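Quick notes on the structure that follows.
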Amino acid sequence: MVPGLLPPTSRLQHEVNACQHYFPIFNASSHRGPIVGNCIACKWKRENSLNEGRQLPALLTKFRMNALIKYRRIRLLLPIVVVGLVAAWIYWSQPRRADLATFAPSDCLAFVEVGNAAELLAGLEESRGWQALAGPIGAKSNLLTNRWLVRVARWVGLGNADALLLARSQFGIVFTGAQVGETGPTLTIRPLATLIIETHSSQRRVRPALEGHIEEFARRIYGQPQFTRKQIDGAEITEWSSSDGVRNIVMGFLDSAAIIGNDETSVVSCLETKRGKRAALAGDQFFGDFRSRVNVPDSSLFGFVSRSGVKSVLQAYALYKAASSDAVNASRLLSDTAGNLVNGLACRSQFVEGMVEDRCFLALTEGVVDKLRPTMVAQDRLEIGALPFVPPDAYSVSIYHLRDVDGFWNDLNAVVSSHADVIGALAARPLMRSLLKPYGIEDPAAFVHAIGARIETIRLEENSPSVLMTEALDRQSLRKLAAQRLGPKPRTETVGEFEVLLSSSDNWGASFADNHFLIGPAESVRRCLQVQSQSIASIEGFRRSERLVDLSLPLTAITFKSDRQTAISFVELFSERERPSFSTNANAVDQAARSLPYAVNVTMLKDTGFEWTSRSAFGLPGSLVTALAPER
């Protein structure tokens, strides 16, 4: 064999090794002759090995780039995933609005609901009334000490028990009845109320804090309360009682809801209703209609009074006015007669321009509105006017504008009689006649026949009788009516250019001023006649409230009322001073209160009842808190 034609011999034992990959040139033959036969295959093999050696670093680089791209994708996606998980956690941690009406028995008298206590407090502290009065009275300017912590507690459920209760809870009050007691000549009426707190938190976190607050409250009002625990129908009931056992506070828990009341029967009733053993108010058709008509998404408070609740309120009012056990039967007759005209009442409150706007709807029995509308709703619009006989320091003034006063009075009598039983129908006439007795009118039928379509009532002091003022269409008839109240020989007195008729037996008076007739307490009538040019319409607080009224609507009545004392009473509940604010800072408090606008409310007759809308410093929330708060 020719040596030059033999195939080249590898210098290494294995063809495929690192040396051949990276140094293939050393494996080539050193002969220079022509390459034929097997040498062609050898050359192809050497060239292929050389190409593979040159491509390997590129493959390694490609592998490293793919890994880097995957790593960068993970780095970009990981924060997005984490943020998504946190957002989902916050979303699922936020409390879902519960329907607290599922705790209220369908036969309850009234139901009040506060959807978000933190938002309610925030609205109160941002109101004009709070900003004006908190400083002089000595209350904190901020009801929410740390809004950021409250938001965190609401969003993610983190914080102490008190923060969770404030930020996440819904509150409801169920009125199930009333207890009437008698102490000597005095009647006492104690409402049976149950507070529902849907905490949206576990019992383990909030129950100890709630029990601690109730324990502190019980010690403050009972002294040394008696503490007991017991099981009722599988629920643990905790009770704090006064030493005489008459007064008590009862609390039960159902899942995340606390049920607290002043009567064990009421608490158990709410527990059974939530468990489905009793019919709930949430399933009542009338309640659903009221809620959809009145309530709005941003309402701070919603309240409902059933027909039986309206009757109970009327009866309690009659008993309060009579202040005697002899008036029980009469008050029941009044509540039944008037209550038969009403299907229910619903209200809601929201914050508007630094004030509380309350809107209420009083639903009337079917057919009542159709009977009253023709003589009640006037064709022209109500005008407030200059109010020349209303003093600038008057407590309140109400303006009524009817189409036909005489016809309306007859229609109202007919409606009341037609919706009463036999006894109620017999009592309806005397009942209707008594409505105008506080103004000194003994014969309402003759009175409404002698006056015009506009009626005003002027109250100079909060607890004083009002002055009734009307247009005098028939002076002779009105003079006879005045003589029935003032007596046969009234004294006369001149006030300015007007003559005043004075009773010879008591402090009552009447006067004809221009084309108006005034009757009421003699001193109040004198002050009304002395107004001249400086009436209540010249007061800035009154003018600010007047601008809130839309006079283009078919209004039946408008009332302007001083909001000073009501606002002061509410803010004083939060005062940090032990002594009343008026005893230490009277001038500053009075000046701040006078800067507030007058409370104003308007009334319209709608399709199925009366709609009543008001603007005031603290509205229904403030009135409810003031009424239920314990005395300091």
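The values are calculated or read from the model by the stated rules, or taken from the named source; none is laboratory data. Here the structure is a predicted model, which means the values were calculated and not measured. All Cβ positions, even for glycine, are placed from backbone atoms using ideal geometry, and neighbour counts span all protein chains on display. These area figures cover heavy atoms from the full protein model, side chains too; ligands, DNA and RNA do not enter into them. Shrake-Rupley method; radii C 1.70, N 1.55, O 1.52, S 1.80 Å.
Residue-level analysis places ARG615 among those that are outside any helix (DSSP H, G or I), buried (at least 19 other Cβ atoms within 10 Å of the Cβ) and either without any contact (Cβ under 8 Å) to a residue 60 or more places away in the chain or of a type in the set (Lys, Arg) (or both).
Which of the residues spanning the range 453-476 are surrounded by fewer than 15 Cβ atoms within 10 Å (Cβ to Cβ) and either within 17 Å of TRP409 (Cα to Cα) or among the hydroxyl-bearing types (Ser, Thr, Tyr) (or both)? Residue satisfying the conditions is SER464 alone. Filtering the range 355-365 for residues that are surrounded by fewer than 20 Cβ atoms within 10 Å (Cβ to Cβ), modelled with pLDDT of 75 or more and in a helix (DSSP H, G or I) leaves an empty set. Looking only at the range 366-379, filter to residues that are of a type outside the set (Gly, Ala, Ser), out of contact with any strand residue (DSSP E or B) (no Cβ under 8 Å at 6 or more places or on another chain) and part of a loop (DSSP other than H, G, I, E, B); which one of those is least open to solvent (accessible area, probe 1.4 Å)? Checked the range 366-379; the qualifying residue least open to solvent (accessible area, probe 1.4 Å) is GLN379.
Among strands (runs of 3 or more DSSP E) entirely within the range 448-542, having at least 1 residues that are closer than 30 Å to ASP380 by Cβ and among the β-branched types (Val, Ile, Thr) singles out 451-459, 467-472, 516-521. When residues in the range 543-561 are screened for being outside any helix (DSSP H, G or I) and open to solvent by 20 Å² or more (accessible area, probe 1.4 Å), 10 of them pass. Screening the range 243-264 for residues that are β-branched (Val, Ile, Thr) and free of Cβ contacts under 8 Å to residues at least 24 places away in the same chain and picking the one that is surrounded by the most Cβ atoms within 10 Å (Cβ to Cβ) gives VAL250. In the range 114-152, the residue that is modelled with the lowest pLDDT out of those that are open to solvent by 80 Å² or more (accessible area, probe 1.4 Å) and either in a helix (DSSP H, G or I) or acidic (Asp, Glu) (or both) is TRP148. Of the residues GLY276, GLY252, the single one that is out of contact with any strand residue (DSSP E or B) (no Cβ under 7 Å at 6 or more places or on another chain), within 24 Å of VAL112 (Cα to Cα), outside any helix (DSSP H, G or I) and not charged (D, E, K, R) is GLY276.
Among the candidates LEU164, LEU192, the residue that is assigned to a helix (DSSP H, G or I) and at pLDDT below 90 is uniquely LEU164.
Within the range 588-608, the set of residues being assigned to a strand (DSSP E or B) and out of contact with any Gly (no Cβ under 9 Å at 6 or more places or on another chain) comprises VAL600, ASN601, VAL602, THR603, MET604, LEU605.
Restricting attention to the range 226-242, the residues that are open to solvent by less than 50 Å² (accessible area, probe 1.4 Å) and in contact (Cβ under 8 Å) with a residue 24 or more places away in the chain total 6. For the range 237-247, the criterion of being more than 25 Å from the chain's Cα centre (by Cα), assigned to a strand (DSSP E or B) and within 17 Å of PHE103 (Cα to Cα) is met by at least one residue. State all residues of the range 384-408 that are outside any loop (DSSP other than H, G, I, E, B) and either within 16 Å of THR457 (Cβ to Cβ) or among the aliphatic types (A, V, I, L, M) (or both); if no residue qualifies, say none. Across the range 384-408, the qualifying residues are SER396, VAL397, SER398, ILE399, TYR400, HIS401, VAL405. Return yes when GLY509 is open to solvent by less than 20 Å² (accessible area, probe 1.4 Å) and on the phi > 0 side of the Ramachandran plot and no when it is not. Against the criterion (open to solvent by less than 20 Å² (accessible area, probe 1.4 Å) and on the phi > 0 side of the Ramachandran plot), GLY509 does not qualify.
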